[in-house]
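Notes follow the structure.
What follows is calculated from the coordinates using simple rules that are stated; it is not laboratory data. This one's a predicted model, so the numbers in the text were calculated from it and none came from an experiment. We place every Cβ from the backbone using ideal geometry, glycine too, and count neighbours over all the protein chains shown.
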Amino acid sequence: MKEKILYISDRPSMGADMLLRNLGMDYEVLWVHSGDEIKHVPDIIFVNLSGLEDSERIKTFTNSKIFLLGSQSDSAKYNGIPNSEKFFKPFNANEIRDKLQGISEQKAERIEKTILLVDDDAVMIRTLREGLSTSYKVLPANSGANALKILARAKPDLILLDYEMPEMNGTQVLETLRADPDTANIPVMFLTAKSDSGSIEKIDALKPEGHMLKTLPLREIKAIIQKFFDSK
């Protein structure tokens, strides 16, 4: 399966368009306008600066590597876009391909990390699994009991654990993990739907690696996880 590239372009541009067509031989390139709905943002984004209508939206794609394509005059108007790199006409295709190869190699290193995702909500499982599988190996479990069965044969690098589940809740799962020398040191981050101070205090008292609200955008959840792994 080809790696995905998002190409944001509001106006035809011969040099940028030709570059992306050529990249289409090795990557799956999705062409969109800056105002289009984008459900899943890939790790690599190319932006045609010529005639770009919504530059503020580009700044929200903080988890992706962004390549800005345009002239010197185009580029001068677009500063402050996180994790971006500018390329000016005429574009050096070999230089850009080398950059992409470096990103692919870094991604291959990240994807070796395994995350155990534990949640009784099927929609949450599906959403996070789809979003995280581009960067990590994800093992889904729809209950605390199933999570423990998986842990009997696999040792993930991180557990994302739903705080509130029927039968065996997140607190009980965490206590079980810490009581077993084989799982006691596996980092755990709680997923919770509650943001009130009382609930958060109860979670923090358990001393997990952290917690995340389920209502956070996927890109923010990915950023928190990436920051965690980068700190190790």
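With charges only on Cβ, +1 for K and R and -1 for D and E, what is the dipole size of the range 4-110 about its Cα centre, in debye, rounded to 20? Kindly include the intermediate steps, with their values, before the conclusion.
Working: 14 positive and 16 negative charges, 26 e Å.
Dipole of the range 4-110, to the nearest 20 debye: 120 debye.
Here Lys86 is the anchor, and the aspartates and glutamates within straight C-alpha reach of less than 13 Å, apart from those fewer than 8 places off in the same chain, are Asp74, Glu95. The phi torsions of the range 56-62, fed into the Karplus equation with coefficients 6.51, -1.76 and 1.60 and a -60° offset, translate into couplings of 5, 5, 4, 5, 7, 8, 6 Hz, rounded to whole numbers, with Gly and Pro shown as x. In the structure shown, the pairs Lys137/Lys232; Lys4/Lys227; Lys4/Lys39 are assessed against 20 Å; a Cα-Cα span above that value is assigned to Lys4/Lys227. Helical runs assigned H by DSSP (4 residues or longer) give the chain a calculated mean residue ellipticity at 222 nm of -11000 deg cm²/dmol, each run adding -39500 (n - 2.57) before division by the residue total.
Label reach from Ile103 (point 7 Å along Cα→C-beta): in the range 4-34, amide nitrogens under 13 Å belong to 4-8, 20, 23-24, 27-30. Averaging 1/r over every pair of different alpha carbons in the range 114-230 and inverting the result gives a Kirkwood radius of 14.1 Å.
Think of the chain as having a plus end and a minus end, set by charges on the Cβ of Lys, Arg, Asp and Glu; of His33, Ile66, Met124, Ile66 sits farthest toward the positive end of this dipole.
Hey, could you get me the Stokes-Einstein D for the chain, Kirkwood radius over alpha-carbon pairs, 4 °C and 1.567 mPa s, rounded to whole µm² s⁻¹?
On the way: Rh = 19.6 Å.
Roughly 66 µm²/s, to the nearest whole number.
Taking the inverse of the mean 1/r over every pair of distinct Cα atoms in the range 57-121 gives a Kirkwood hydrodynamic radius of 14.4 Å. Return the sequence-ordered ³J(HN,Hα) values of the range 4-16 in whole Hz as given by the Karplus equation 6.51 cos²θ - 1.76 cosθ + 1.60 applied to θ = phi - 60°, using x for Gly and Pro. Taking θ as phi minus 60°, the curve returns 8, 10, 9, 10, 9, 8, 9, 8, x, 9, 4, x, 5 Hz for the range 4-16. With the convex hull drawn around the C-alpha atoms of the range 4-110, the volume per residue stands at 96 Å³.
Per-residue 3J(HN,Hα) values for the range 30-45, derived from phi via the Karplus relation 6.51 cos²θ - 1.76 cosθ + 1.60 with θ = phi - 60°, read 9, 8, 9, 8, 4, x, 6, 6, 10, 6, 10, 8, x, 6, 10, 10 Hz in sequence order (x marks Gly and Pro).
With the convex hull drawn around the C-alpha atoms of the range 93-159, the volume per residue stands at 69 Å³.
Each of Ile150, Ile224, Pro90 was scored by the projection of its Cα onto the charge dipole of the chain, and the greatest displacement toward the positive side belongs to Pro90; charges sit on the C-beta of Lys, Arg, Asp and Glu. Annotation: amide H of Phe46 within the under-5 Å range of Leu6, Tyr7, Ile8, Phe67, sequence separation 5 or more or interchain, hydrogens built in the peptide plane.
Restricting the range 1-72 to trypsin sites (Lys or Arg not before Pro) that sit in a DSSP loop and have at most 11 other Cβ atoms within 10 Å of their own Cβ leaves Lys2, Lys39.
Spatially, the range 157-232 and the range 15-51 are offset by 35 Å when compared through their Cα centroids.
Proximity of backbone amide H atoms, modeled 1.01 Å from N, is registered between Lys86 and Leu68 at under 5 Å, excluding neighbours fewer than 5 places apart on the same chain. For Ser71, the amide hydrogen comes within under 5 Å of the amide hydrogens of Lys89, counting only partners 5 or more places away or on other chains and with H modelled in the peptide plane.
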